[in-house]
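Structure, as structure tokens:
The values are calculated or read from the model by the stated rules, or taken from the named source; none is laboratory data. Just so you know, these numbers come straight off a predicted model, no measurement behind them. Cβ placement follows ideal geometry from the backbone for every residue including glycine, while neighbour counts extend to all protein chains displayed.
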């Protein structure tokens, strides 16, 4: 017996079914809107980061770009270390996280029920939508002076800015999600004996909740933006404050370390909501982005 | 069992331009208790609107509808509905969907389970009791939807193009299953479709609606022997009837 025959009898590596066609259809990685294996998703994601890191390394370590404009990755890493060890950066991260937690949680706790009420009851919608739609166009940052006058320059003002930045648009997109509940869902429930109240709790709410969690994930991104804005004005702590002060001293390495920290924290928030979504709604399609 | 009477029912819709559009004009219809009535017509003839009015989901502009002698004043458990979109709840399993009406009626767990077990078996869905609707094919989803409306045992079942989204082969087996169920659980069925073959194959009575405005062109009594097989569609009587219905619709 030749080694080829042995190979043929044993089956090609990786195939267990001897009746399988000699050549399996090659999976197409480039088909439009077609799923790819999970390992591919992960490794491509890592590759994306690696590419940026590589380009960054090349332009900095070779000296193409002056460190003053763009410090090398290791410089930024060192800056991060210094910030943490010598300047208590962890407390700043904590301060920012706390502000987000208060401002965002308050906005979510109010915006979700109001949005759902707007989306499900035309009366509420007619009453609130013009107000909120107008308020949404007033930039949150324009409220900073007002917030300082009202609340001083403490924590309340910071959380207040995040609240204003998140609350109004969140109301509107939650309302949109609630009103997108298929009418047939409700009709079917009425013919199955549901009262209006039970249709709300047993159909409209569960139909809307997955969307709401996904919208909270998106809104948490806005919260990270506004916390930095809040900390650029009259703050003594927080990531935004650190970035601003580092900028004043032209410490590009520390600025970048601060910005990247926000990126990582944002990613963690995103992951938290994605995990929550997958846990709470195992029946739902996976969210796209 | 309940009969359905539709008396002088008209329905206007206000158009965006501000004018009124007459969708259904002076509909008179009687559906005998326990019979199978199909309503056919071209799209836009108001057949779904008529069904929704019987279901209490829409109100007539004029006229009255009674089911079992009682005026229709909104949706109720005496009239189950099956939609073309299935309208299954994606957050509930197949069993959860089937038991939904029973839960609304505050039926206990054990009793609910007994009903859903029976329906699951009857629909050939026992192995999918714990699956979610999105894991099922279209034909299976529609079976779940039918089982869900049967669970509360309504004397009237209203079906709005329930097989419209199914492929031809799945549709045939769905029709057969529906006839089967109807033989076993006799109830009044009103079935809206634009498929004339389907209407003639299923119905005791076929109501042909004209388009804009929808008027009753003619009501046919279809008396092919039951149980019917799809082979009935090849008989000369069937073919002649189909031609007649077709010409009425396009007149």
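What to note about this one:
- Note on the stretch B:184-200: among residues that are over 13 Å from residue B:245 (Cα atoms) and over 11 Å from the mean Cα position of the chain (by Cα), the one that is modelled with the highest pLDDT is B:187.
- For the stretch A:246-287, the set of residues classified as buried (at least 18 other Cβ atoms within 10 Å of the Cβ), modelled with pLDDT of 90 or more and within 14 Å of another protein chain (Cβ to nearest Cβ) consists of A:277, A:281, listed by residue number.
- Any hit, the stretch B:223-239, residues being closer than 20 Å to residue B:29 by Cβ and at pLDDT 90 or above: no
- Residues being in a helix (DSSP H, G or I) and at the interface with chain A (Cβ under 10 Å from one of its Cβ atoms) - total across the stretch B:151-171: 1
- Being touching a strand residue (DSSP E or B) at 6+ places or on another chain (Cβ under 6 Å) and within 14 Å of chain A (Cβ to nearest Cβ) is a property that residue B:40 lacks.
- Flag for residue B:34 being part of a loop (DSSP other than H, G, I, E, B), at positive phi and within 14 Å of chain A (Cβ to nearest Cβ): no
- Any chance residue B:195 is surrounded by fewer than 18 Cβ atoms within 10 Å (Cβ to Cβ) and away from chain A (no Cβ under 14 Å): yes
- Subset of the stretch B:75-99 that is over 17 Å from the mean Cα position of the chain (by Cα) and either surrounded by fewer than 24 Cβ atoms within 10 Å (Cβ to Cβ) or under 17 Å from residue B:188 (Cα atoms) (or both) - its residue that is farthest from the other protein chains (Cβ to nearest Cβ): B:95
- Unique residue being within 14 Å of chain B (Cβ to nearest Cβ), over 26 Å from residue A:113 (Cα atoms), surrounded by 17 or more Cβ atoms within 10 Å (Cβ to Cβ) and in contact with a helix residue (DSSP H, G or I) (Cβ under 8 Å, 6 or more places away or on another chain) when the list is A:208, A:181, A:191: A:191
Yes or no, residue by residue, for (1) more than 14 Å from chain A (Cβ to nearest Cβ); (2) in contact with a strand residue (DSSP E or B) (Cβ under 8 Å, 6 or more places away or on another chain); (3) touching a residue at least 40 places away in the same chain (Cβ under 8 Å):
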{"residue": "B:117", "(1), (2), (3)": "yes, no, no"}
{"residue": "B:143", "(1), (2), (3)": "yes, no, no"}
{"residue": "B:149", "(1), (2), (3)": "no, yes, yes"}
{"residue": "B:173", "(1), (2), (3)": "yes, no, no"}
{"residue": "B:182", "(1), (2), (3)": "yes, yes, yes"}
{"residue": "B:191", "(1), (2), (3)": "yes, yes, yes"}
{"residue": "B:199", "(1), (2), (3)": "yes, yes, yes"}
{"residue": "B:214", "(1), (2), (3)": "yes, yes, yes"}
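- Condition met for residue B:80 (in a strand (DSSP E or B) and closer than 17 Å to residue B:178 by Cα): yes
- All positions within the stretch A:137-191 that are part of a loop (DSSP other than H, G, I, E, B) and closer than 30 Å to residue B:82 by Cα: A:180, A:181, A:182
- Residues in the stretch A:78-97 that are without any contact (Cβ under 8 Å) to a residue 40 or more places away in the chain and in a helix (DSSP H, G or I) were compared, and the one that is surrounded by the fewest Cβ atoms within 10 Å (Cβ to Cβ) is A:86.
- Residues in the stretch B:174-192 that are surrounded by fewer than 17 Cβ atoms within 10 Å (Cβ to Cβ) and part of a loop (DSSP other than H, G, I, E, B): B:185, B:186.
Per-residue answers, yes or no, for (1) more than 13 Å from the chain's Cα centre (by Cα); (2) surrounded by fewer than 22 Cβ atoms within 10 Å (Cβ to Cβ):
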{"position": "B:135", "(1), (2)": "yes, yes"}
{"position": "B:142", "(1), (2)": "no, no"}
{"position": "B:148", "(1), (2)": "yes, no"}
{"position": "B:153", "(1), (2)": "yes, yes"}
{"position": "B:157", "(1), (2)": "no, no"}
{"position": "B:172", "(1), (2)": "yes, yes"}
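- Residue in the stretch B:208-225 that is part of a helix (DSSP H, G or I) and surrounded by 14 or more Cβ atoms within 10 Å (Cβ to Cβ) present: no
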